[in-house]
1. Got at least one residue in the range 85-105 being in contact (Cβ under 8 Å) with a residue 24 or more places away in the chain, touching a Phe, Trp or Tyr at 6+ places or on another chain (Cβ under 6 Å), crowded, with 20+ Cβ neighbours inside 10 Å and over 24 Å from PRO17 (Cα atoms)?
2. Filter the range 139-154 down to the residues that are hydrophobic (A, V, I, L, M, F, W, C) and touching a strand residue (DSSP E or B) at 6+ places or on another chain (Cβ under 9 Å), then identify the one that is nearest to the ligand (Cβ to nearest atom).
3. Would you be able to say whether some residue in the range 119-138 is more than 10 Å from the ligand (Cβ to nearest atom), of a type outside the set (A, V, I, L, M) and more than 21 Å from SER49 (Cα to Cα)?
4. Filtering the range 155-168 down to residues that are aliphatic (A, V, I, L, M) and within 14 Å of the ligand (Cβ to nearest atom), which residue is surrounded by the fewest Cβ atoms within 10 Å (Cβ to Cβ)?
5. Answer yes or no as to whether GLU171 is farther than 25 Å from LEU99 by Cβ and either at pLDDT below 95 or within 11 Å of the ligand (Cβ to nearest atom) (or both).
6. From the list ARG55, ARG44, exactly one residue is within 22 Å of SER132 (Cβ to Cβ) and either without any contact (Cβ under 8 Å) to a residue 12 or more places away in the chain or outside any strand (DSSP E or B) (or both). Which is it?
7. Is the range 142-152 home to any residue that is surrounded by 11 or more Cβ atoms within 10 Å (Cβ to Cβ), out of contact with any helix residue (DSSP H, G or I) (no Cβ under 9 Å at 6 or more places or on another chain), in a strand (DSSP E or B) and of a type in the set (Lys, Arg)?
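The values are calculated or read from the model by the stated rules, or taken from the named source; none is laboratory data. Bear in mind that the values here come from a model prediction, so they are computed numbers and not experimental data. For neighbour counting, all protein chains shown are included, and Cβ atoms are generated from backbone atoms with ideal geometry for every residue, glycine included.
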Amino acid sequence: MIQALPTKFAEARVFVPDVFEDDRGFFKETWSDPKYAEAGLDLRFAQDSCSWSTRNVIRGLHYDFRMAKLVQCLKGRIWDAIVDLRRNSPTYLQWQGFLLTDRNHKQLFVPAGFGHGFLALDDEVVVHYKNSVPYDPANEGAVWWRNAKIGVEWPLVGEPRLSAKDAAVPEEFLP
Ligand SMILES: Cc1cn([C@H]2C[C@H](O)[C@@H](COP(=O)(O)OP(=O)(O)O[C@H]3O[C@@H](C)C(=O)[C@@H](O)[C@H]3O)O2)c(=O)[nH]c1=O
């Protein structure tokens, strides 16, 4: 039975699929339409994506107000952050962090309207996403990872490694 764990946000959830271990390793279903619908996530996804990162890479905080995402870490560990960017929300600009690893099998459901980013905690990190709508750069935006109005407390040791795009985000910009 897939576990659905609450977060501080009514619309966000952490899912943990069944994991079948034996002497070869393990097997898990990372998505199943009927099983996730039964667990409370009745959604058709339009795109799967994968990124590979090295330690101290930070990707984000990115948003696309149309897009919900299911995020999981298939190799290594990430510290994943979401922030509510919906201006009419009672939790506007609140954030929460989650440890997602290849051993805890947690999958974070990021609702539409939230910013999302992660810090790679290991030398090799593979992150997998399911996106509810196809990628469209015209609909994508970014908030600076250290935006002071949000105040995400990244568990970062040393210097972050950012894309040129993320490093160039204006420090105070909010959509
Ligand atoms: C996200 C994305 C990027 N790309 C391309 C654009 C660019 O040339 C290259 C790298 O893109 P980025 O630098 O935006 O990749 P990245 O910084 O890894 O972007 C991701 O960050 C995390 C935090 C998220 O939440 C994701 O939704 C996504 O925004 O890949 C696609 O073709 N499809 C996609 O879905």
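1. Checking the range 85-105: at least one residue is in contact (Cβ under 8 Å) with a residue 24 or more places away in the chain, touching a Phe, Trp or Tyr at 6+ places or on another chain (Cβ under 6 Å), crowded, with 20+ Cβ neighbours inside 10 Å and over 24 Å from PRO17 (Cα atoms).
2. Quick first cut of the range 139-154, residues hydrophobic (A, V, I, L, M, F, W, C) only: 142-145, 148, 150, 152, 154.
After this cut, where a residue has to be touching a strand residue (DSSP E or B) at 6+ places or on another chain (Cβ under 9 Å) as well, the list is 142-145, 150, 152, 154.
Working: ALA142: 8, VAL143: 11, TRP144: 13, TRP145: 10, ILE150: 15, VAL152: 12, TRP154: 13 Å.
The extreme case among them is ALA142.
3. Looking for residues that are more than 10 Å from the ligand (Cβ to nearest atom), of a type outside the set (A, V, I, L, M) and more than 21 Å from SER49 (Cα to Cα), one finds none in the range 119-138, hence no.
4. Once the filter is applied, the top-ranked residue is ALA164.
5. Working: farther than 25 Å from LEU99 by Cβ: yes; either at pLDDT below 95 or within 11 Å of the ligand (Cβ to nearest atom) (or both): no.
Against the criterion (farther than 25 Å from LEU99 by Cβ and either at pLDDT below 95 or within 11 Å of the ligand (Cβ to nearest atom) (or both)), GLU171 does not qualify.
6. Values: ARG55 fails: within 22 Å of SER132 (Cβ to Cβ).
Step by step, each of ARG55, ARG44 is checked, and only ARG44 is within 22 Å of SER132 (Cβ to Cβ) and either without any contact (Cβ under 8 Å) to a residue 12 or more places away in the chain or outside any strand (DSSP E or B) (or both).
7. Scanning the range 142-152, I find no residue that is surrounded by 11 or more Cβ atoms within 10 Å (Cβ to Cβ), out of contact with any helix residue (DSSP H, G or I) (no Cβ under 9 Å at 6 or more places or on another chain), in a strand (DSSP E or B) and of a type in the set (Lys, Arg), so the answer is no.
Let's see how each residue does on (1) within 15 Å of the ligand (Cβ to nearest atom); (2) out of contact with any Leu (no Cβ under 7 Å at 6 or more places or on another chain); (3) among the aliphatic types (A, V, I, L, M):
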| residue | (1), (2), (3) |
| --- | --- |
| PHE26 | no, yes, no |
| GLU38 | no, yes, no |
| SER49 | yes, yes, no |
| MET67 | yes, yes, yes |
| VAL71 | yes, no, yes |
| LEU74 | yes, yes, yes |
